[in-house]
Amino acid sequence: GGEQARSWLFTVALYRAANHRKLARNRWEALTGELPEPLVHPRTTQAFDAARLLWRAIQKLSTKLAAVLWAYEIEGRSMPQIARALRIRLKTAYARLHLARIRLAHCAPL
């Protein structure tokens, strides 16, 4: 009957899939020669490295300084917007940006 054939097909398919998984796990591909050049352009990797260094340096700053620096340099906000968002005076925002740049320059590798 149809129900018996269905259960038989299911059992056969289950065993075939299990055998395939067992065999695929043991397959090894031998590498010959040298590895090909990566598909990523060198400038892209340099940009990623620079972003990683910047992130590490920003993490060393205090949260107050990092917030102003991030909003101004990365997000491109204006200083009045930053001052309003952080609820600080405009001169304080400029002072924090200046101090953050100085400390960031000391953290940056040469």
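The values are calculated or read from the model by the stated rules, or taken from the named source; none is laboratory data. Everything quoted here is computed from the prediction, not taken from an experiment. A quick note on method: Cβ atoms are made from the backbone with ideal geometry, for glycine too, and the neighbour counts reach across all protein chains shown. Note: areas computed on protein heavy atoms with side chains; ligands, DNA, RNA excluded. Shrake-Rupley method; radii C 1.70, N 1.55, O 1.52, S 1.80 Å.
Working note: Debye formula, equal point scatterers on the alpha-carbon atoms of the chain, no solvent; log10 I(q)/I(0) at q = 0.15, 0.20, 0.21 Å⁻¹ is -0.78, -1.05, -1.08.
What the stretch 49-107 shows is 72 Å² of accessible area per residue, with the surface traced by a 1.4 Å probe over protein heavy atoms. Under a plain spin-label model, where a point goes 7 Å from the Cα along Cα-to-Cβ, how far apart in nm are R56 and I88? Label-label distance for R56 and I88, simple model: 2.6 nm. Model label sites at F48 and R16, defined 7 Å from Cα along the beta-carbon direction, differ in position by 4.0 nm.
Centroid-to-centroid, using Cα positions, the stretch 51-110 and the stretch 3-21 are 62 Å apart.
What is the mean projected area of the alpha carbon convex hull for the stretch 49-107, to one decimal in square nanometres? Mean projected area for the stretch 49-107: 3.6 nm², to one decimal. Sequentially through the stretch 9-15, phi angles give Karplus couplings (6.51, -1.76, 1.60; θ = phi - 60°) of 5, 4, 5, 5, 5, 5, 5 Hz, Gly and Pro residues having no value and appearing as x. Ranking W70, L99, P42 by how far each Cα lies toward the positive end of the dipole of the chain (charges on Cβ) leaves L99 at the top.
With a 1.4 Å probe and every protein chain kept in, tell me what percent of the accessible surface of the chain is carbon plus sulfur.
In the chain, the share of accessible area belonging to carbon and sulfur is 59 percent.
In the chain, the DSSP-assigned H stretches of four residues or longer account for a calculated mean residue ellipticity at 222 nm of -22500 deg cm²/dmol, using -39500 (n - 2.57) per stretch and the full residue count as denominator.
Extension gain for the segment E75 to T63, taken as residue separation times 0.36 nm less the Cα-Cα distance, is 2.7 nm to one decimal. Between A67, A13, A57, the Gaussian network model of the chain with springs among Cα atoms under 10 angstrom shows the greatest mean-square fluctuation at A13.
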